[in-house]
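Colleague: I have a structure here, written as C-alpha cells, and I will follow up with some questions on it.
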Amino acid sequence: MSETAAPHKVPVTVIGLGNLGRALAETFLTQGHPTTVWNRSSGKADGLVARGASRAATPTDAVAAGEIVIVAVLDYDTVRELLLPTAGVLKGRTVVNLTTGTPSAARALGAWAADQQAAYLDGAVYAVPQTIGTSAAFVLYSGDEAAYRAYRTVLDAIGEGSLVGPAPELSSVYDTALLSGMYGMFAGFFQAVALAGTAGIGAAELTPPRWSGG
Ligand SMILES: NC(=O)c1ccc[n+]([C@@H]2O[C@H](COP(=O)([O-])OP(=O)(O)OC[C@H]3O[C@@H](n4cnc5c(N)ncnc54)[C@H](OP(=O)(O)O)[C@@H]3O)[C@@H](O)[C@H]2O)c1
C-alpha cells in the first residue's frame, strides 16, 4: 500500500512501466491508491516500490491485485501476450488499455475481455509523461460505459477524461484521426518555415508573439 493510501481507495494495477506507465503509477500512488505494478524489466519498478507500490511477480498476480488494471505497453501484440494468460483472474475487473493501436485490435481485445466477464475501456492519452496527472493531460476513452462511470474519478487523476462511445475501438479511431490532423499541421508548419526561409525569415519570426511585440 502506498505511503498515503486510504482504505477506501480503489486498488489499481499498472502493467507496463515505460515512460507512460511509470507516470501513471506515480499518479495513482500520489492519489493514495493501493498500486500494484508489473514490468518485464523488473528494475523499472524500484522507484515506485520505494514509494509504496507493490511489485507483482507475474502479470497474473498483478491483475489479481487490481480492481482497475491499466495497461501501457509497446503495442497490442504485447498486450495480448501479457493479458491472455491472466484470463482466469480477469472476471469482474476493469481493464483500461492505454496502449496505442488500431481500431480492429481494440475491438478484438474488447470482445476477448467481454468473454472473460471483464469490463474493457480503451484509451488514447493526449499528454507526455511530464504532464500526466495535470490539467494539461486529457484522455479519450471508449468501451464499457458503466465501468467508465464507476471509475471516472479514479481515471480523472490521469487527466481530464471523456468517453467517446461504447464501441471499444472508438478511441483508437479518434486517435488516428486526431494524430493525422496533428502530423498534417506539423508538415504544413515545416513547409511554411521552409518557404519563409528562402527569404531569410526564421521560424521564430513567423510566430504571433513576434508580431504582437511590434
Ligand atoms: N509516452 C507517452 O507520453 C505516451 C502518450 C500517449 C500514448 N502512449 C502509448 O503508450 C504506450 C507505452 O508508451 P511508453 O512511452 O510508455 O513506451 P516505452 O517507454 O517505450 O515503454 C514500453 C513498455 O512496453 C514494455 N514492453 C515492450 N515489449 C514488451 C514485451 N514483449 N513484453 C512485455 N513488455 C514489453 C516495456 O517493457 P521493458 O521496460 O521491459 O522494456 C515498457 O514497459 C505506447 O503504445 C504509446 O504509443 C504513450
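Here, each number is a calculation from the coordinates, and none is a lab measurement. Note that the structure is predicted; figures quoted are calculated from it, not measured. Heads up, the Cβs are rebuilt from the backbone with ideal geometry, glycines too, and the neighbour counts pull from every protein chain shown.
Colleague: Condition first: among the charged types (D, E, K, R) and either touching a residue at least 12 places away in the same chain (Cβ under 8 Å) or within 16 Å of the ligand (Cβ to nearest atom) (or both). Now tell me which residues in segment 70-128 satisfy that.
Modeller: Listed by number, the residues that qualify are Asp75, Asp77, Arg80, Glu81, Lys91, Arg93, Arg107, Asp122.
Colleague: If I filter segment 129-145 down to residues being outside any strand (DSSP E or B) and in contact (Cβ under 8 Å) with a residue 24 or more places away in the chain, which single residue comes out as surrounded by the fewest Cβ atoms within 10 Å (Cβ to Cβ)?
Modeller: The selected residue is Ser135.
Colleague: Shifting gears a bit: In this structure, does Ser42 turn out to be of a type in the set (Ser, Thr, Tyr) and either more than 13 Å from the ligand (Cβ to nearest atom) or under 20 Å from Ala157 (Cα atoms) (or both)?
Modeller: no
Colleague: May I ask you to verify whether Leu178 is part of a helix (DSSP H, G or I) and in contact with a strand residue (DSSP E or B) (Cβ under 9 Å, 6 or more places away or on another chain)?
Modeller: It is true that Leu178 is part of a helix (DSSP H, G or I) and in contact with a strand residue (DSSP E or B) (Cβ under 9 Å, 6 or more places away or on another chain).
Colleague: Are any residues in segment 142-157 closer than 19 Å to Gly92 by Cβ and not aliphatic (A, V, I, L, M), and if so, which ones?
Modeller: Those that are closer than 19 Å to Gly92 by Cβ and not aliphatic (A, V, I, L, M): Gly143, Asp144, Glu145, Tyr148, Arg149, Tyr151, Arg152.
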